[in-house]
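Trainee: Here it is, the structure, as structure tokens.
Nothing in this text is a laboratory measurement; each read-out follows from the coordinates by a stated rule. What you are looking at is a predicted structure, and each value in this text was computed from that prediction instead of being measured. Heads up, the Cβs are rebuilt from the backbone with ideal geometry, glycines too, and the neighbour counts pull from every protein chain shown.
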Amino acid sequence: MQIPLEIINKLEDWYGRNWWSKEEEFDGILYNPFKNLIFTILSQSTSSINAYRAYRGLSLKFSINPKTLANTNEEEIAEAIRTSGLYRVKAKRIREASKYIIEELNSRLDEVLKLPREKARGNT
């Protein structure tokens, strides 16, 4: 599902463009389920600017995909995302989520996104 550009524009008018500097970079995160998950992990307990800086640091050092991040040392991930705060905890979560997606979801998040919310959360 893509968010219509008109909604994004209205949100930007209301809240401003807080953390993304290029539309393509924002879209790349927003419309890719795995990248969106990684950004969500990075955004916990930090400012949007620091979350974006951490995402940018991670993407400059590694390809943002489950296989790469599952096979990357937590310390290397932590160093790349240092600007996000709680970077050691987030590095562990990123690596664990990546492994889970590979092992339990066959590297595919799109099937989970098709499920009803409660089932996707595991509340069934």
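Trainee: Which of the lysines could a cross-linker span from LYS119 if the Cα-Cα distance has to be under 30 Å and same-chain partners fewer than 8 positions apart are dropped?
Mentor: Straight-line reach from LYS119, under 30 Å: LYS35, LYS67, LYS90, LYS92, LYS99.
Trainee: From the phi of every residue in segment 98-108, what ³J(HN,Hα) in whole Hz does the Karplus formula 6.51 cos²θ - 1.76 cosθ + 1.60 yield, where θ is phi - 60° and glycine or proline is x?
Mentor: Calculated HN-Hα couplings, in order: 5, 4, 4, 4, 5, 6, 9, 10, 6, 6, 10 Hz.
Trainee: What does the highest-first list of 100-113, 81-94 look like by mean Cβ count within 10 Å? Mind showing how you got there, number by number?
Mentor: Working: 100-113: 12.6, 81-94: 19.9.
By packing density, highest mean first, the sequence is 81-94, 100-113.
Trainee: Hey, which lysines would be in cross-link range of LYS10, C-alpha to C-alpha under 23 Å, not counting anything within fewer than 8 residues on its own chain?
Mentor: Reachable lysines: LYS22.
Trainee: Show me, bin by bin at 5 Å from 0, the whole-percent P(r) of segment 22-121 based on Cα pairs.
Mentor: Values per bin, smallest distances first: 2, 14, 24, 25, 18, 12, 4, 0.
Trainee: Something else: For segment 22-121, calculate the relative contact order in percent as a whole number, restricting contacts to Cα pairs under 8 Å that are 6 or more residues apart. The partial results should precede the final answer.
Mentor: Details: 103 pairs, mean separation 24.8, N = 100.
Answer for segment 22-121 is 25 percent.
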